[in-house]
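Heads up: the structure comes next, in structure tokens.
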Amino acid sequence: FEVSVTPIVFDKVGAGAAVVTLRDLTEQRRSERMRVDFIANASHELRTPLASLLGFIETLQGPARNDVDARARFLEIMRTQAARMSRLIDDLLSLSRIELKAHVRPDSAVEISGIVRSVIDAIGPLAQDRNVELAFTPPAAPVWALGDRDELIRVVENLIENAVKYGASGGRVETSVTAGEGPQGVRVTVRDFGPGIAPEHLPRLTERFYRGDAQASRDAGGTGLGLALVKHILQRHGGQLAIESRLGEGASFVVTLDPAPKELAASASPALKA
Ligand code: ADP
């Protein structure tokens with residue numbers, strides 16, 4: 001608490017009173033601490049690939065100057081590190097853009113099954129690399145949520161990509177979409193059958209840069225920002241993310257969103273208008 005005392009003197013003899021103000025600083029301190037931690041984490045995450053890049057450049061200019069084999073290998077590592085930095089910067093920029101818009105509610109009608117379909121197509125090659133089957137049975141009718149199309153693509157992309165990266169290789173990832181009336185009626189579930197998530201990690205996974213297994217995340221090309229992005233996007237949509245998992249039994253990520261009003265969905269859909 002911050003304590004301030006303002007004396008009030010009533011008369012010349014000195015009789016009087018004082019106003020004592022107590023201000024709760026816990027919340028302010030907490031957000032200041034989070035900001036400082038965030039900058040420290042971001043700098044550290046950027047510095048690691050940068051240090052590696054500098055090291056390889058110096059080696060290529062010096063000892064490995066005339067080594068053709070080493071040059072090809074080092075350049076490939078340098079490309080990977082540079083790509084990592086670039087992904088990290090993209091994610092940081094996306095996060096700050098979404099935070100800037102935090103209080104503006106997105107208001108387009110977005111068809112969710114189509115988004116899942118196209119994300120699955122895009123992630124296909126990564127899934128094939130890990131020999132993961134991507135299963136999705138689209139619902140019979142289109143499912144319309146109220147939101148921002150690009151941001152909802154980002155949400156679905158992050159969840160399916162994580163399920164492929166952290167689920168069992170040679171396994172299966174199931175995505176389902178269901179429609180319902182009323183607030184949070186639209187539901188997207190991404191389920192994998194991998195090693196699952198330990199209970200102590202569960203509540204912290206959506207924190208920026210928090211990783212269950214830092215090495216596994218880096219090996220998979222992760223930035224530690226994916227689920228933080230998902231959380232911020234859903235917050236501004238008035239939606240939610242629920243994570244359910246038991247060690248050894250895989251994980252389920254469930255997104256809930258408000259359905260788009262029928263008239264809005266009808267005007268957004270050429271098929272329904274015809
Ligand atoms: P990253 O870039 O590390 O993937 P995310 O924010 O997307 O960052 O995820 C944070 C952490 O949550 C991951 O590093 C991983 O430890 C854990 N995680 C996410 N999805 C899954 C999943 N389907 N199964 C197990 N762990 C997961």
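The values are calculated or read from the model by the stated rules, or taken from the named source; none is laboratory data. Since the model is a prediction, treat every value here as computed from it, not as a measurement. Cβ: placed from backbone, ideal geometry, glycine included. Neighbour counts: every protein chain shown.
Among the candidates Phe10, Phe56, Phe38, Phe1, the residue that is over 25 Å from Tyr210 (Cβ atoms) and surrounded by 10 or more Cβ atoms within 10 Å (Cβ to Cβ) is uniquely Phe56. Anything in segment 230-264 that is of a type in the set (Lys, Arg), over 15 Å from Ala109 (Cα atoms) and more than 16 Å from the chain's Cα centre (by Cα)? List them, or say none. If the condition is that a residue be of a type in the set (Lys, Arg), over 15 Å from Ala109 (Cα atoms) and more than 16 Å from the chain's Cα centre (by Cα), then Arg246 is the only one that fits. Selection within segment 197-207: residues that are surrounded by fewer than 22 Cβ atoms within 10 Å (Cβ to Cβ) and within 8 Å of the ligand (Cβ to nearest atom). The member of this set that is nearest to Pro106 (Cα to Cα) is Thr206.
Could you say whether any residue in segment 169-191 is within 8 Å of the ligand (Cβ to nearest atom) and in contact with a helix residue (DSSP H, G or I) (Cβ under 6 Å, 6 or more places away or on another chain)?
Of segment 169-191, the ones within 8 Å of the ligand (Cβ to nearest atom) are 190.
Retained after the next criterion (residues that are in contact with a helix residue (DSSP H, G or I) (Cβ under 6 Å, 6 or more places away or on another chain)): 190.
Yes: one or more hits.
Scanning segment 198-212 turns up one or more residues that are of a type in the set (Ser, Thr, Tyr) and either farther than 16 Å from Asn158 by Cβ or at pLDDT below 95 (or both). Considering only residues in segment 183-229 that are of a type in the set (Lys, Arg) and over 16 Å from Tyr166 (Cα atoms), the one that is farthest from the chain's Cα centre (by Cα) turns out to be Arg187.
Conditions tested, residue by residue: (1) of a type in the set (Lys, Arg); (2) more than 16 Å from Thr223 (Cβ to Cβ); (3) at pLDDT 95 or above.
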| position | (1), (2), (3) |
| --- | --- |
| Leu93 | no, no, yes |
| Arg97 | yes, no, yes |
| Ser108 | no, yes, yes |
| Glu111 | no, yes, yes |
| Gly114 | no, yes, yes |
| Gly124 | no, yes, yes |
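Selection of segment 87-122 for residues being over 20 Å from Val143 (Cα atoms), over 17 Å from the mean Cα position of the chain (by Cα) and of a type in the set (A, V, I, L, M) yields Val104, Ala122.
Can you tell which of Leu225, Leu247, Leu234 is surrounded by fewer than 21 Cβ atoms within 10 Å (Cβ to Cβ), in contact (Cβ under 8 Å) with a residue 12 or more places away in the chain and within 11 Å of the ligand (Cβ to nearest atom)?
After applying the criteria, what remains is Leu247.
Is there a residue being on the phi > 0 side of the Ramachandran plot and either away from the ligand (no atom under 12 Å from the Cβ) or β-branched (Val, Ile, Thr) (or both) anywhere in segment 208-219? No, segment 208-219 contains no residue that is on the phi > 0 side of the Ramachandran plot and either away from the ligand (no atom under 12 Å from the Cβ) or β-branched (Val, Ile, Thr) (or both). Among the residues of segment 23-35, the ones that are surrounded by fewer than 11 Cβ atoms within 10 Å (Cβ to Cβ) and either modelled with pLDDT of 85 or more or closer than 30 Å to Asp91 by Cβ (or both) come to 7 in all.
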